[in-house]
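The structure appears below as structure tokens.
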Amino acid sequence: MRIDIITLFPEFFEGFKDHSIIGRAVKNGKIEIFVHNLRAQAKDSYGSVDDHPYGGGPGMVLRFDVLLDTLNIVKAQSSEHSPKSSPTCAGRQGSELKKPKVILMTPQGQVFKQKVALELAKEQNLILICGHYEGFDERIRDYVDQEISIGDYVLTGGELAAMVITDSVVRLLPGVLGDDMSSHDESHSPSASSGQVLLEYPQYTRPTEYEGKKVPEILLGGNHKEIDKWRHEQAIERTKSRRPDLLKQ
Ligand code: ADE
């Protein structure tokens, strides 16, 4: 998968791209991440990319021409990037090149859930546009495929949202998590057998007892059928008590 991020603050993504599981996925060629500075398309020598809103009001608005020119350049680069030029990229081998999916980060978008991450993980190219300041010129909305909000609160910009989406999508790609870190049985993922979404069962590791707190006996016995049953019951109990709304879906 290739992910292009359009932002006024490319430096926000430096640590994010280079470390931990995302950094390893980049190094192993499972994903490519390109970060593009909106300022490169500024329309004056001062590098300004925003302006006062027509009709008055507080703050500054990202200019439509700056956003659209950047998006068109990024789309062209993303399309030039054929599967052949990146044979190790997950999800590309032997398949047709799909159009990049353009996503706008906005608190007015569809609320981001694991189900949305699973859908996006099927794409080959994502282009994520981060807004900033008071927002962006409304006309850019006609050029995006999807609008996503990471929750019902307002951030100072879309950068954190773009990182949340990138992180949750990339970890779902084949070969990104090790075998011991499967993304199957975890919270918010639909069960393979029932499709039901449950919170994950509780996990324990050594020591078996510390400060009087013990690991449940059943996990130490090695009866995997019984362990699976216990875990499923725990997942249901946990979901009922913490997130009953998930059981109604
Ligand atoms: N930009 C500002 N707030 C946001 C949010 N909640 N989700 C996505 N992008 C945003």
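Against the conditions (1) among the hydrophobic types (A, V, I, L, M, F, W, C); (2) modelled with pLDDT under 95; (3) surrounded by 10 or more Cβ atoms within 10 Å (Cβ to Cβ), Leu220 satisfies every one except (2). Could you go through segment 196-214 and let me know if any residue there is surrounded by 13 or more Cβ atoms within 10 Å (Cβ to Cβ) and either part of a helix (DSSP H, G or I) or within 16 Å of the ligand (Cβ to nearest atom) (or both). Checked against the condition, which is being surrounded by 13 or more Cβ atoms within 10 Å (Cβ to Cβ) and either part of a helix (DSSP H, G or I) or within 16 Å of the ligand (Cβ to nearest atom) (or both), segment 196-214 yields no hits at all. If you go through segment 98-130 and pick out every residue that is away from the ligand (no atom under 12 Å from the Cβ), among the aliphatic types (A, V, I, L, M) and more than 26 Å from Leu177 (Cβ to Cβ), you end up with 1. Close Cβ contacts (under 9 Å, 6 or more residues apart or on different chains) running from residues in segment 190-219 that are in contact (Cβ under 8 Å) with a residue 40 or more places away in the chain to residues that are charged (D, E, K, R) and assigned to a helix (DSSP H, G or I) comprise Pro190/Lys115; Val197/Lys115; Leu198/Arg238; Leu199/Arg238; Leu199/Arg242. Scanning segment 131-143 for residues that are more than 13 Å from the ligand (Cβ to nearest atom) and in contact with a Gly (Cβ under 6 Å, 6 or more places away or on another chain) yields nothing.
Please verify whether Arg238 is among the basic types (Lys, Arg), loosely packed, with under 12 Cβ neighbours inside 10 Å and touching a Leu at 6+ places or on another chain (Cβ under 7 Å), treating the condition exactly as stated.
no
When segment 125-143 is filtered for residues that are surrounded by 15 or more Cβ atoms within 10 Å (Cβ to Cβ) and in a helix (DSSP H, G or I), the ones remaining, listed by number, are Ile140, Tyr143.
Against the list (1) within 9 Å of the ligand (Cβ to nearest atom); (2) at pLDDT below 95, the condition Asp179 fails is (1).
Conditions tested, residue by residue: (1) modelled with pLDDT under 95; (2) under 14 Å from the mean Cα position of the chain (by Cα); (3) of a type in the set (A, V, I, L, M, F, W, C).
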residue	(1), (2), (3)
Pro107	no, no, no
Lys113	no, yes, no
Lys122	no, yes, no
Leu128	no, yes, yes
Glu134	yes, no, no
Asp137	no, no, no
Asp142	no, no, no
Gln146	no, yes, no
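Just to be sure I understand the filter: pairs with C-beta atoms under 6 Å, separated by 6 or more residues or on different chains, first member in segment 155-169 and within 20 Å of Leu67 (Cα to Cα), second member not in a strand (DSSP E or B). Which pairs pass? Once the first residue is within 20 Å of Leu67 (Cα to Cα) and sits in segment 155-169, its partners that are not in a strand (DSSP E or B) give Gly158/Gly131; Glu159/Phe9; Glu159/Phe12; Ala161/Ile150; Met163/Phe16.
In segment 144-162 there is at least one residue matching the filter, namely being surrounded by fewer than 16 Cβ atoms within 10 Å (Cβ to Cβ), more than 10 Å from the ligand (Cβ to nearest atom) and assigned to a loop (DSSP other than H, G, I, E, B). Right, Lys84: at pLDDT below 95, in contact with an Asp or Glu (Cβ under 8 Å, 6 or more places away or on another chain) and surrounded by fewer than 17 Cβ atoms within 10 Å (Cβ to Cβ) or not? Against the criterion (at pLDDT below 95, in contact with an Asp or Glu (Cβ under 8 Å, 6 or more places away or on another chain) and surrounded by fewer than 17 Cβ atoms within 10 Å (Cβ to Cβ)), Lys84 does not qualify.
The values are calculated or read from the model by the stated rules, or taken from the named source; none is laboratory data. Everything numeric in this text was worked out from a predicted model, so none of it was measured. Counting neighbours? That spans all protein chains shown, and the Cβs are built from the backbone with ideal geometry, glycine included.
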